[in-house]
Amino acid sequence: MSEKNWYFTNEAAIALDLSAEKLRKLYRSGMFKKGFHYRDVSPNGSKRPTLQFHVNRCQEQLNTPPEKRKSY
């Protein structure tokens, strides 16, 4: 059985020990790379993104010292 990697915003925030709003703020700031740290699973033509986050990859990014982090 495979382990779940991709989580919707609220689930990912809990797993990362952040508030959902803080996770959205980090996403908007460019901390995470599209297709690697997060993906948009909203239907075509949707006005708002429906995001899923790869929790392990996001955790690695958050654990990287700020001076060594890449911005996307």
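Just so you know, all these numbers are worked out from the coordinates, no wet-lab data involved. As the structure is a computational prediction, the values presented were derived from the model and not from experiment. Cβ placement follows ideal geometry from the backbone for every residue including glycine, while neighbour counts extend to all protein chains displayed.
Data overview
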| item | result |
| --- | --- |
| Selection from Y38, N63, L18 lying farthest towards where the dipole of the chain points positive, charges on Cβ | Y38 |
| Distance between the range 32-49 and the range 5-24 - C-alpha centres, whole angstrom | 15 Å |
| Under the Debye formula (equal points on every Cα, no solvent term), log10 I(q)/I(0) of the chain at q = 0.14, 0.15, 0.16 Å⁻¹ | -0.42, -0.48, -0.54 |
| Fewest-first ranking of R39, R48, using other Cβ atoms within 10 Å as the exposure measure | R48, R39 |
| Sorted by Cβ density within 10 Å, fewest first, the residues S42, S71 | S71, S42 |
| Aspartates and glutamates with Cα under 16 Å of K33, excluding same-chain neighbours fewer than 8 positions away | E60 |
| Over the chain: helical MRE at 222 nm, DSSP H runs n ≥ 4 each giving -39500 (n - 2.57), nearest 500 | -10000 deg cm²/dmol |
| GluC sites (Glu not before Pro) restricted to DSSP loop in the chain with at most 12 other C-beta within 10 Å | E3 |
